[in-house]
Amino acid sequence: MAQEGARSVILAVDDAEDLLALIGMVLGSEYDVKLASDGGDALTLAAQSPQPDLILLDVEMPGATGFEICQLLKEDPATAHIPVIFLTGRGEPAEQIEGLDVGAVDYLTKPINGKLLLARVRIHLALASRQAELERQVQERTAQLEDARAQLIRRLARAMDFHESAAAGNRVMRVSQYAKLLAQAAGARPEVVELILKASPLYDIGKIGVPSEVLRKPGKLSAPDLERMQRHPQLGAEIIGEHKDPVLALARTLALAHHERWDGSGYPKKLKGTEIPWPGRVMGIVDTFEAMTTTQFYRQNPFSIEEAAKLIKEGFGKQFDPSLAEAFDKALPVMRKVRETYSDALGDMINLDFSPTRNAPASADAPARAAADKAAADKAAADKAAVAAKAAAAVAAAKARIRGKR
């Protein structure tokens, strides 16, 4: 829609020059009017900036009918939002229904009455403006709800950390970034990477159901305590529940599958190989890397990143999916930077708004973000090129038909 204070743009399409002149005269005092005498020019002008806020489209034109042009406009994401009013010399109900079916919002019958035309244009511009505002509000509210959900997920994960350790650190931030980096390196689609980033903080939430004295016990666990500990994947799945929401559904999968092993010796279901959901295989590596490189009650001295990486590499084909070995090597340098940024050193904690402290490096995962941004930009460019090619082909085809009829 036109920006506030700017004049709206109307595109009028008709092969009758006298009607175009009338439309230009009637609407020109209030709107910027573009005129086209055939469908090919209409498609071109509809895609050009400034785009029209409304299109008046003749039904019966040589070469390509108004119905065909409208359908092409609605198939192109760049022009699909523009309301179309058909102009026709025939008022049969069947024809009007056909026009509405291809995406028109209204019909005006010829001969055109200037006052009625102006009134209809005003009404539909107002409706389109209101629709755009409602969509903006919905998008804003959706973003707010998604942010609230992300904060709740992270806070629930933080609560689990406090249950497991009296000095909870930045584990929530580390594991979500590790999972994102590993999924990216494995070639996951951007939307899958984003889901893993959002869902991963809940993967260990089942430990809330394990007594803290078991979680904090130094040394090797007794058989009963080990049994309690190994119940946490199932407890996590029960805490999260079953949902249609993709983030929570994935969180449940991560909770259930992150302790399964490639060779079938894991728990709780002893899944083997590709029986283990792929996100769970990713999270199994992330969980092991996090456990090895941070202080634990059962191991006060964490492994160095080099030692942890060596042990994880030895586990591919046994504990871990061997197809993820290359992705782990690729992600490891940036995982190291994440580990440095979100360390648990005193004074380097992340607050409950999950933003880095002033002393923390602000761009530790910049290479990962840059890679993700580049992949997203490349995909967007490819999609845009595909849409542009389709639109160009449609314009060329419409113009060819028009020339052929002349």
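The values are calculated or read from the model by the stated rules, or taken from the named source; none is laboratory data. Please read all numbers here as calculations on a predicted model, not as lab measurements. Positions of Cβ are generated from backbone atoms using ideal geometry, with glycine treated the same way; all protein chains shown enter the neighbour counts. Just the protein is used for accessible areas: all its heavy atoms, side chains included, with ligands, DNA and RNA removed. Shrake-Rupley method; radii C 1.70, N 1.55, O 1.52, S 1.80 Å.
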### Task
Determine which member of the set 297, 316 is in contact with a Leu (Cβ under 8 Å, 6 or more places away or on another chain) and modelled with pLDDT under 95.
297
### Query
Do we find that residue 270 is modelled with pLDDT under 95, open to solvent by 40 Å² or more (accessible area, probe 1.4 Å) and assigned to a loop (DSSP other than H, G, I, E, B) in this structure?
no
### Message
Quick test of your reading of the structure: residue 146 fulfils all but one of (1) under 28 Å from the mean Cα position of the chain (by Cα); (2) under 27 Å from residue 58 (Cβ atoms); (3) open to solvent by less than 90 Å² (accessible area, probe 1.4 Å). Name the failing condition by number.
### Response
(2)
### Task
Give me the pairs, please: first residue somewhere in region 113-126 and within 17 Å of residue 6 (Cβ to Cβ), second residue anywhere and outside any helix (DSSP H, G or I) and of a type in the set (A, V, I, L, M), beta-carbon distance under 7 Å, and either six or more positions apart or on two chains.
121/10; 121/54; 125/54
### Query
Residues in region 32-48: is at least one at pLDDT 90 or above, open to solvent by 50 Å² or more (accessible area, probe 1.4 Å), in a loop (DSSP other than H, G, I, E, B) and closer than 17 Å to residue 129 by Cβ?
no
### residue 233, sole failed condition from (1) outside any helix (DSSP H, G or I); (2) touching a His at 6+ places or on another chain (Cβ under 8 Å)
(1)
### Out of 64, 2, sole residue that is modelled with pLDDT under 90, in contact with a strand residue (DSSP E or B) (Cβ under 7 Å, 6 or more places away or on another chain) and on the phi < 0 side of the Ramachandran plot
2
### Task
Restricting attention to region 241-267, report how many residues are outside any helix (DSSP H, G or I) and at pLDDT 95 or above.
10
### Candidates 120, 130, 136, 158, filtered to the one that is of a type in the set (Lys, Arg), over 30 Å from residue 86 (Cβ atoms) and assigned to a helix (DSSP H, G or I)
158
### Message
Quick check on region 161-178: of everything there that is polar (S, T, N, Q) and assigned to a helix (DSSP H, G or I), which residue is surrounded by the most Cβ atoms within 10 Å (Cβ to Cβ)?
### Response
176
